[in-house]
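Scroll down for the structure; my scribbles are underneath it.
We did not get these values from a lab; they are worked out from the coordinates using the rules stated. Computed from a predicted model, the values in this text were never measured in an experiment. Here the Cβ positions follow ideal geometry from the backbone for every residue, glycine too, while neighbour counts run over all protein chains shown.
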Amino acid sequence: MMREEPNKENDYEKMEQENSILSKDESRLVESRESLETEGNHILTPSETVAVPTYRYAGFWMRLWAFLLDILIVWSIGAIVVFPLFRLLGISESQSFLFSPASIATTIVLYGYFILMTKYFKQTLGKMVFGLKVIDLKHDDLTWKSILFREGVGRYIALFYFPLTYIVFLVAAFTSKKQGVHDFIADTTVVHEN
């Protein structure tokens, strides 16, 4: 019997130690949870939901009309500013040669228009008129990388390989997120603002 009593006492002491360790761990857990909540870092419980934005994707026709308006704007800038400026300076503006200085300047205006308007406003003037904007599907903001791929590479394929133009834009009519080929390249899409 003497042997059993020390074992019982040892068992009782071990249980008390374990309980004290558990109570210390619980108090640390409560302290860490309180510190997270007071610092603004909130851990979501299963009952809490996160609001996921829902978008109304812009269809093929809306995007086509916005694009045609943008092309009209760029052509107008070329006709009103670039070509008269080249005439005034006496620089050749021959339209028969694809790589004339005036054609190169108009191309720079075209790319600058699409890239800068999309970066700073998330839309071009054509998209503004029709209430459309470009969004990045992976990030909150449009990055320079995605814009350069979308507007640079995508516009190059669409405008300079004319038979592919139809395919580049027509794909938007058949995809779930209404993405054209240039949108797939940059992981972007066009949505209605409202």
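Hey, can you rank 82-91, 146-155, 185-194 by average C-beta count inside 10 Å, highest first?
Values: 82-91: 13.2, 146-155: 20.0, 185-194: 18.3.
Per-residue Cβ counts within 10 Å, averaged per peptide and sorted highest first, yield 146-155, 185-194, 82-91.
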Could you list D183, D136, D141 so that the one with the fewest beta carbons within 10 Å of its beta carbon is first and the one with the most is last? D141, D136, D183
For T188, residues with placed amide H under 5 Å, excluding near neighbours: L137
Using a Förster radius of 45 Å, what is the FRET efficiency between Y55 and Y156 based on their Cβ-Cβ separation? Nearest 0.05, please. 0.95
Principal axis dimensions, segment 60-192 - Cα atoms, whole angstrom, descending: 50, 30, 26
Measuring from label point to label point, each 7 Å out along Cα→Cβ, what is the L88 to I108 span in nm? 1.6
Of the peptides 167-176, 107-116, how do they stack up when ordered by the mean number of other Cβ atoms within 10 Å, highest first? 107-116, 167-176
When the scattering of segment 110-162 is computed by the Debye formula from its Cα atoms alone, each counted once and equally, what is log10 I(q)/I(0) at q = 0.27, 0.29 Å⁻¹? -1.10, -1.18
